[in-house]
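Quick note: the coordinates plus some simple rules give every number you see, no bench work behind them. What you are looking at is a predicted structure, and each value in this text was computed from that prediction instead of being measured. Every residue, glycine among them, receives a Cβ derived from its backbone with ideal geometry; neighbour counts consider all protein chains shown.
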Amino acid sequence: MTDKTIRTGSGASHAGIHGIGGYRPSRVVTNEEICQHIDSSDEWIRTRSGIIERKWAEPHETVQMMSVASSRKALSRAGIDPAQVDCVIVATVSHLLQTPAVATLVSEELGCTPAAAFDISAACAGFCHGVALASDMVRSGSAKYVLAIGVERLSDITDPTDRGTAFIFADGAGAAVVGPSEAEGIGPVVWGADGSKFDLIRQNETWTDVLDMDQPVMPTLRMDGNPVFRWASFEMAKIAGEALDRAGMTIDDLDVFIPHQANMRIVDAMARALKLPEHVVIARDIAYQGNTSAASIPLATEALLESGDAKSGDTALFIAFGAGLAYAAQVVTLP
Amino acid sequence: MASTEEIRAGLAEIVNEVAGIPADDVQLDKSFVDDLDVDSLSMVEVVVAAEEQFGVKIPDDEVKNLKTVGDAVAYIENAQS
């Protein structure tokens, strides 16, 4: 008789982020340029969002290209060879070819093949979902090293004449290498979604709706700003607190607060709601980058590490939230 | 139950904290947007703080009807009763 019990996989005791890299597209778009299409002003945009300028991708800066560029930086900083990567996760909502997953091309171009490769759709919360999946894979033995990438070309699906969103969205990519770690470097994720708020941030039409139009146009993103602001600023502050609790930390243990760069007003309101102590460094990358959805947290993290405002070994809180409405938060040790 | 003046004073403190407007300027006849320069995002913060302080619910759909400080005070008074 053979033993028919299926063996349980086993991985590392702890997971951590070994390297982070970002890619910022080359085209700088000023508020003045945005105001050529909407009835607004530089001052109004700065007051309402904290955005001074944003980066939009040029045609050659594709989702794949930006993913690969940010991943190469992350791998090099982590000292990990692409061949050591067992899984590539790409979080995006703006890769306009639905299937196959862009992750397969990214993996192939990087030299990670035959790593598992797939895309996830969790909008602005995508990167934190990717990090949560990656750390669970490392600890369960499904993978030793995982690339978690957040990438967007939101400029492709932004309506330049929509006063509610035209000034907010931007493009970019950020990647993290997740792997085994001596001590725990990625705390338990607190995540969830509320489909009753599905319509608050969404693509305005389905592709089939578009085909039914007399003059088909690209579907674009729509957002109901004030309810989103309320949910993000106050409900998400509670989720941030839960992520700290689950990691066994208090707000005083935190060195860096890196929320999704949705809007500077949300960053400020969350910081007030959380009563962040003065010593905590707050990511404010949105001012010169815009809201890059899934890419915003790794981009903001890279910027803080490069400027020296944050350093390797710091304890940081990631919290991301957006369309769904979906959210995810975790405490991490910065690489 | 708080009196009209207590609610106005409490709201004035909240507006001061959120938007930096002197509390004495926050009088019943004042418009949040036109007189006090409280924009719609700050208004959301004011509403959330008021909900906590006065133990009431002010849904998103109602917020746009609260044009003046008096509107907000009246809404809170009604919601409390």
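Of note:
- In region A:116-220, the GluC sites (Glu not before Pro) that fall in loop regions by DSSP, at most 15 other Cβ within 10 Å: A:GLU182
- Whole-Å semi-axes of the ellipsoid equivalent to the protein assembly as shown (Cα gyration tensor, √5λ, descending): 39, 26, 20
- Largest first, the extents of the alpha carbon coordinates of chain B on the three principal axes equal 30, 25, 20 Å.
- Efficiency of FRET from Cβ geometry, A:VAL28 and A:ASP212, R₀ 45 Å, rounded to 0.05: 0.75
- Extent of region A:30-123 along its three principal axes (Cα atoms, max minus min coordinate, largest first): 50, 31, 25 Å.
- Looking at region A:43-198, the pairs of alpha carbons with a distance over 19 Å make up 57% of the total.
- Cα gyration tensor shape for region A:271-325, rounded if a/c is under 1.5, else prolate or oblate: oblate
- Those lysines that a straight Cα-Cα span of less than 16 Å connects to B:LYS67, excepting residues fewer than 8 apart in one chain: B:LYS30
- Each of A:LEU97, A:LEU304, A:LEU200 was scored by other Cβ atoms within 10 Å of its Cβ. Arranged with the fewest first, they read A:LEU97, A:LEU200, A:LEU304.
- Expected-Rg normalisation [2.2 N^0.38 Å, Cα atoms] applied to region A:214-335: 1.11
- With each label modelled as a point 7 angstrom along the Cα→C-beta vector, the B:ASP39-A:ILE251 pair spans 2.5 nm.
- Of A:LYS197/B:LYS57; A:LYS238/B:LYS57; A:LYS55/A:LYS275; A:LYS275/A:LYS311, pairs whose Cα-Cα distance is over 27 Å: A:LYS55/A:LYS275
- Förster radius 22 Å - calculated FRET efficiency between A:ASP268 and B:ASN78, Cβ distance, rounded to 0.05: 0.10
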